[in-house]
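For reference, the structure is listed below as C-alpha cells.
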Amino acid sequence: MSQQRIDVKKVADITIATSRDMKLNDDLVIQEWGDQLLALLDDHACRKLLVNFERVLFMSSSALRALITLNKKAKEVKATLLLCGIDDNIMEAFRITRLDNVFQIKKNEDEGVRSFTVVTDK
Amino acid sequence: MDSDARLWSWSKDCSFPSDMKIAHDLIEEVMEQVKLGGWSNKDEFAVNMALEEALVNAIQHGNGSDPAKRVHFSCRLNSQRIYIRIEDEGSGFDPNAIPDPTDPEHLLVTSGRGVFLIKSFVSRVKWNESGNVLEFEKDREH
C-alpha cells in the first residue's frame, strides 16, 4: 500500500498537487510521488496541472527525472504543466541543469493559478 | 585534496553494504556536522546534493545495488572546507563519457544529471582512472 505523497485540490479547472514530503530523494518516495502525479493526468478533467513544491527543501536528480517523465506525459495528453513554490536552492539545480527552460515555473500557488489564463505551452 | 597539513575538526571513515537507507543515515550524520559548523543554507544544500548524487552513483550504478558489494566512505570537515572520498566495488565508469545534460539534444533525457550536479555544486572533484573512486571538496562560500 503506497503512501499519499501529494495533496490534491481543484481551483476551477486547475488541479493543484502539493508535494507532502520535505525531501524528494528516496527511491520509493519518488516512485510513489511520480506515479501519483502521472495518475492525475489519466483523468481527462485534469488538463491544467500545477505542482506545488512549497514544502520541499531537497530534491535529487531522481526527482528531476520523475518530473521530466511527468512533463512528457503532460505533452502527450495535451495538458499544461506548471511548477510553483520551488525553494531557492532547488531552483539553482533547475538552473544548472537548464530545466528552468523546460518547465514553466511560477513563484507560488497564487501566481501559478493566475498564470494559467495566459500561459502557452513551451 | 585531503592535504595532511590541513587541520580537520571532524572526520569519519566507514564502509557499508550497498543500501541507500544506510547511505541516507550517513548523509544525515555528515549534514549534522555541517550544520554545527555554521555553514550557510546554500552551502549545506550544495554538500547535501553532492553527497546524495555521489552515493546514489556508488550504490546503484557502481555496485549495481548488490548488497554483497560495499561502499568505502571518508569525510573530513573543518569550518571552511569539507572533503569526501567515496569508493565503490564496481568496474567504474568514465565520467567524461556522460553526455552534457544541458545540451539541447539531451535536455529531456531522463538520466545523466547526477555527475553534472556533483561537478556543479562542489569546488573540486576528481575520479580515479577506473572511475570507481570519487573525491571532492567543497569550500565554504557564504
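Quick notes on this structure:
- Sorted peptide list for B:96-105, A:47-56, A:100-109, criterion being average Cβ within 10 angstrom, highest first: A:47-56, A:100-109, B:96-105
- Violating pairs (Cα-Cα greater than 27 angstrom) within the set A:106/B:126; A:73/A:107; B:12/B:35; A:48/B:21: A:106/B:126; A:48/B:21
- Inter-part distance where the stretch A:1-62 and the stretch B:38-109 are each reduced to a Cα centre, Å: 26
- For chain A, convex hull of alpha carbons as volume per residue, Å³: 94
- Residue-wise HN-Hα coupling along the stretch A:43-48, computed from phi with Karplus coefficients 6.51, -1.76, 1.60 (Hz; x: Gly, Pro): 7, 4, 6, 9, 10, 10
- Charge tally in the Cβ shell below 13 Å around residue A:42, where Lys, Arg are +1 and Asp, Glu are -1, residue A:42 excluded: -1
- Helix content alone sets the calculated 222 nm mean residue ellipticity of chain A: runs of n ≥ 4 DSSP H residues at -39500 (n - 2.57) each, divided across all residues, give -11500 deg cm²/dmol.
- Here the Karplus curve 6.51 cos²θ - 1.76 cosθ + 1.60, taken at θ = phi - 60°, turns the phi angles of the stretch A:76-92 into couplings of 4, 9, 6, 9, 9, 10, 10, 10, 8, x, 7, 4, 4, 5, 5, 4, 4 Hz, with x standing for Gly and Pro.
- Per residue, the convex hull volume that the Cα atoms of chain B enclose (Å³): 111
- Across peptide A:88-99, the mean count of Cβ atoms from other chains lying within 10 Å of each residue's own Cβ comes to 5.
Values quoted throughout were computed directly from the atomic coordinates according to the rules given, and no laboratory measurement underlies them. All figures in this text were calculated on a predicted structure; none of them were measured in a lab. Glycine gets a Cβ as well: all are built from the backbone with ideal geometry, and neighbour counts include every protein chain shown.
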